[in-house]
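Let me begin by presenting the structure, written as structure tokens, before commenting on it.
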Amino acid sequence: MNKLNALLEIGCEEIPARFMPGFLKDLEEIAQEKLRQERLVFSKVETLGTYRRLTLYIEGLAKRQTDLEEEIKGPPADRAFDPSGKPTQAALGFARSQGITPDQLVVKAFGKNDYVFARILRHGQPAEKVLASLFPDIISSLYQPLAMRWGNNDFKFIRPIHWLVALCGNKIVKFELAGIKSGNKTSPHRYFKNVGTGLVPVRFGGQPQGLSLHSYKKALAKLGVVVDQNE
């Protein structure tokens, strides 16, 4: 299986109803933009939620970033090599700063002069690792019409955050934001009596495919939560 599904659920105190459509649209657009910036190929992004949770679902996510080949411009060629072709301190220092050897430098025309370039192949990181920094970045980038602080941290959000569900396939995407550690536990409906109080694990029924939008909705329905307001 070459693709994964990923999910981010932001659990917070009640968001005013008038802000929900804009929040969900903003969440979708920001997620798509940042996934592309991070070279994470995906099939589809969906957002859904209630007044106490905002959910981002990513379908068909590549297991790794695509590789990136960069050309980094260095000093002019006539400063990088002496008349005999031997690399100078300028070339040695530039190569060292890019983690390559001087013989890996290439000379290319740039404007009216020749320069040395370092060709760097950056191998893609696992999706889970990228999401660990991408998810909090997405949350921090959301437009906040009525931002507030809480506790002892400087982070602002429309309402205090109480839990974060972050999953990639069957793994927890680990990060911390505003003093809250991500995990796989969500909150049932506040008046749902069958599961007690506090946070409970999101259970996907042991499906071999693991996380899917259908399994997520079904898991929350068992906790008394209709997370898709279009249903």
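The values are calculated or read from the model by the stated rules, or taken from the named source; none is laboratory data. Fair warning: this is a prediction, and the values are worked out from it, not measured in the lab. All Cβ positions, glycine included, derive from the backbone under ideal geometry; neighbour counts span all protein chains shown.
Among the residues in region 79-95, are any touching a residue at least 12 places away in the same chain (Cβ under 8 Å), closer than 18 Å to residue 124 by Cα and not in a helix (DSSP H, G or I)?
no
Go through region 111-131 and give me each residue that's in a loop (DSSP other than H, G, I, E, B) and under 29 Å from residue 169 (Cβ atoms). Break it down stepwise before answering.
Step one: list which residues in region 111-131 are in a loop (DSSP other than H, G, I, E, B), which gives 111-112, 123-125.
Those that are in a loop (DSSP other than H, G, I, E, B) and under 29 Å from residue 169 (Cβ atoms): 123, 124, 125.
Taking region 1-56 only, how many residues are of a type in the set (D, E, K, R) and crowded, with 21+ Cβ neighbours inside 10 Å? Give the derivation first.
Keep residues of region 1-56 that are of a type in the set (D, E, K, R), which gives 3, 9, 13-14, 18, 25-26, 28-29, 33-34, 36, 38-39, 44, 46, 52-53.
Those still in the list that are crowded, with 21+ Cβ neighbours inside 10 Å too: 9.
Number of matching residues: 1.
Looking only at region 203-227, count every residue that is under 25 Å from the mean Cα position of the chain (by Cα) and modelled with pLDDT under 85 and tell me the total.
The qualifying residues number 7.
Condition test on residue 35, is it modelled with pLDDT of 95 or more, in a strand (DSSP E or B), under 12 Å from residue 134 (Cβ atoms) and among the aliphatic types (A, V, I, L, M)? Walk me through it before giving the result.
Details: modelled with pLDDT of 95 or more: yes; in a strand (DSSP E or B): no; under 12 Å from residue 134 (Cβ atoms): yes; among the aliphatic types (A, V, I, L, M): yes.
No: the conditions fail for residue 35.
Determine if region 132-153 includes at least one residue that is loosely packed, with under 13 Cβ neighbours inside 10 Å, at pLDDT 95 or above and either of a type in the set (D, E, K, R) or not in a helix (DSSP H, G or I) (or both).
no
Do you know which residues across region 170-202 are within 30 Å of residue 2 (Cβ to Cβ), modelled with pLDDT of 90 or more and assigned to a loop (DSSP other than H, G, I, E, B)?
Within region 170-202, 173, 174, 175, 182, 184 qualify.
So which residues in region 1-54 are out of contact with any Phe, Trp or Tyr (no Cβ under 6 Å at 6 or more places or on another chain) and among the small types (Gly, Ala, Ser)?
6, 17, 22, 31, 43, 49
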